[in-house]
1. Which order do 21, 93 fall in if you start with the one that has the fewest other Cβ atoms within 10 Å?
2. Compute the separation of the alpha-carbon centres of segment 70-89 and segment 103-117 and state it in Å as a whole number.
3. Pop a pseudo-label 7 angstrom from the Cα along the beta-carbon direction at both residue 98 and residue 75 and give the gap in nm to one decimal.
4. By the gyration tensor of its Cα atoms, with a ≥ b ≥ c the square roots of the eigenvalues, what is the shape of segment 3-94: rounded for a/c under 1.5, prolate for a/b over b/c, or oblate?
5. With r as the distance between the Cβ atoms of residue 61 and residue 176 and R0 = 30 Å, compute the FRET efficiency 1/(1 + (r/R0)^6) and round to 0.05.
6. Taking Cα pairs under 8 Å and at least six residues apart, what relative contact order does segment 3-94 come out at, in percent?
7. Once you sort the root eigenvalues of the Cα gyration tensor of segment 115-165 as a ≥ b ≥ c, which label holds: rounded (a/c under 1.5), prolate (a/b larger than b/c) or oblate (the other case)?
8. Exposure proxy check: 59, 14 ranked by fewest other beta carbons within 10 Å?
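Only the coordinates and a few stated rules stand behind these numbers; no lab work does. Since the structure is predicted, the reported quantities are computational estimates derived from the model, not experimental observations. Reconstructed Cβ throughout: ideal geometry from the backbone, glycine too, with neighbour counts over all protein chains shown.
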């Protein structure tokens, strides 16, 4: 596959390696699917650069949102340790379509225009992350605000999402209370941002 073809592929992040377990090459994986076991439902997962693929067998559920897995591509504990923080993707076309107009994948928000309650422009969506305490919307190009802001992704803060119009409404007060991106990411327990595949059953 050419570099240009890879760039045109639309992919969704479904999880991230979260360390090794035991001495046999088992790995922990934090999932971003609505049902954690669904991470295996869409075929092999691949790293962001597309250079490695993994076919998981689920061994257990240590805690909500965390899987214990084995994969033939992970040969040892050292390999599992080295993968910690590596994100896992699938091609978007493998995921099921949303069932109604009110459902969407969080990836769909990236690039949308953001406006305040009065329709005034307040930037664009740069990404959607989760550092363990809930989804965060990353906004950039905010007038009179330097850098990026992370906004808790709640119905109160983002009351309207209009994919057809390519626009979301963000409560302006949430911008003022939003955290600086760099500060929040430095405190992330995973060490890696991600684009979650919300509603992936």
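1. Numbers: 21 18, 93 11.
So the residues, fewest neighbours to most, are 93, 21.
2. Taking the Cα centre of segment 103-117 as reference, the centre of segment 70-89 is 32 Å away.
3. Once both label points are built, they end up 4.3 nm from each other.
4. Working: a/c = 2.18, a/b = 1.42, b/c = 1.54.
Since a/c reaches 1.5 but b/c is at least a/b, the shape of segment 3-94 is classed as oblate.
5. Numbers: r = 39 Å, r/R0 = 1.30.
The calculated FRET efficiency here is 0.15.
6. Relative contact order for segment 3-94 comes out at 41 percent.
7. Because a/c hits 1.5 or more and a/b fails to exceed b/c, segment 115-165 counts as oblate.
8. With the sparsest Cβ surroundings first, the list reads 59, 14.
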